[in-house]
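Student: Shown below is the structure under consideration.
The values are calculated or read from the model by the stated rules, or taken from the named source; none is laboratory data. A quick note: this is a predicted structure, and the numbers were derived from the prediction, not measured. In this analysis, Cβ positions are derived from the backbone assuming ideal geometry, glycine residues included, and neighbour counts consider all displayed protein chains.
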Amino acid sequence: MENNYKLINPEMVTLARESRGITQPELAQKLQVNQGWISRVEGGLRNIQPEHLEQVATVLNYPKEFFIQREKIYGLGINSYFHRKKQSLSGRTLRQIHASIYIRTMHIVKLLRGVDIGESQIKSINIDDFGGDAGEIARLLRASWKLPHGPVHNIVSIIEDMGGIIIPFDFGTNEIDAIYHNTPESPPLFFVNVFSPTDRLRFTLCHELGHAVIHSDTFDPIAIEQQAHSFAAEFLTPKSDILTDLTELSLERLMVLKQYWKVSMSALLKRAGDIGAITPMRSHQLWKQMSKAGFRKHEPPELNLPYEEPNILKRIVDVYFEEMDYTPLEFAKLIKLEPVEAKQLYIEPYVSIKDKETKRAITEVKRILRDNSKN
């Protein structure tokens, strides 16, 4: 490794720094160098000596091998750039989230080289061929995927059955719901906020599915978001199926319909207004009642929907431990993470342990990690 310092990939230095939410001046201070040194390293104008690489790796908490990687970094495409986020989200936080997603995507691409999950059935459709009607694309997709009339009972399993991968993700903020990411080397990836309630998660996933499916020549962010929203509404609550359910609404009726259609009361009320199932006056009255009851911010907890658990990434990780006999340390080296972080992201949440040797290996890793933390 010490002879390979000239092979450092400057893009990986930037990616590692941003994934930790650290600015160039902050990293310079931690390394006790000037910002110009960091800038030149990240710009590929300066080599890193072995002792400096050791410091960079320690401060940013990545193994030295991380910085040698030549993996291609794929940014977000136009359809996913305007993902579901609040406008108050800072640029710095967004850069950290994007960097973390790029790194997680690199992991998944690496893991998929050893596991065949088949071809994705989530294909791009040109909305211009349908007169700009995103709802028509949603109806087409439901039909081509052979979904029955009525509610979508488990959107997570449907997306994964069609070849997408859903990754529960801690964005570190509630101001962002999900990000769709796709690369030439991966199936569609849907990073979703682990803290989102199920009704919001379901709509968010369909919104991002809309971004994944709808191809448009427009660069208008408002139009792009409206298309994704219309797609999600029609996919989860088809007008022809739900219209009669929404004609005579009350708060009590919305509570019942939430359990059946598996979308929020607010989404149902908005849908009713959008498709003309109720008058504008009745819609205004119900929104006032929702606000007075506090349901616009927090719907009744007793109406919370069961969590829909993703499985594909777990199955991919299982292959490495249960069929390829990887140890946790080998797995961490494969994806170029420190063992503690690899364990937190992949081993603890995803691996179902069956093999006694793997159990013993994990016990040994825990002992090593415990000993290291004492030193």
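Student: So, of the residues in the range 170-229 that are free of Cβ contacts under 8 Å to residues at least 40 places away in the same chain and either touching a Phe, Trp or Tyr at 6+ places or on another chain (Cβ under 7 Å) or of a type in the set (Phe, Trp, Tyr) (or both), which turns out to be farthest from Leu303 (Cα to Cα)?
Tutor: Here the residue is Phe190.
Student: Checking Ile137 against (1) in contact with a Leu (Cβ under 9 Å, 6 or more places away or on another chain); (2) under 16 Å from Glu208 (Cα atoms), which test does it fail?
Tutor: It fails just one condition, (1).
Student: What tally of residues in the range 314-346 results from selecting those that are surrounded by 13 or more Cβ atoms within 10 Å (Cβ to Cβ) and either assigned by TED's automatic domain parsing to the domain that holds Tyr260 or charged (D, E, K, R) (or both)?
Tutor: Residues in the range 314-346 being surrounded by 13 or more Cβ atoms within 10 Å (Cβ to Cβ) and either assigned by TED's automatic domain parsing to the domain that holds Tyr260 or charged (D, E, K, R) (or both): 10 in total.
Student: Let me ask you something else. Would you check which residues across the range 196-233 are in a loop (DSSP other than H, G, I, E, B), out of contact with any Gly (no Cβ under 9 Å at 6 or more places or on another chain) and either crowded, with 17+ Cβ neighbours inside 10 Å or among the basic types (Lys, Arg) (or both) and list them?
Tutor: Ser196
Each row is one residue, and each column tells you yes or no for (1) surrounded by fewer than 16 Cβ atoms within 10 Å (Cβ to Cβ); (2) at pLDDT below 95.
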site: Leu53; (1), (2): no, yes
site: Phe67; (1), (2): no, no
site: Glu71; (1), (2): no, yes
site: Gly77; (1), (2): yes, yes
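Student: Looking at the range 252-301 only, could you name the residues that are in contact (Cβ under 8 Å) with a residue 60 or more places away in the chain and in a helix (DSSP H, G or I)?
Tutor: If the condition is that a residue be in contact (Cβ under 8 Å) with a residue 60 or more places away in the chain and in a helix (DSSP H, G or I), then Tyr260, Trp261, Ala267 are the ones that fit.
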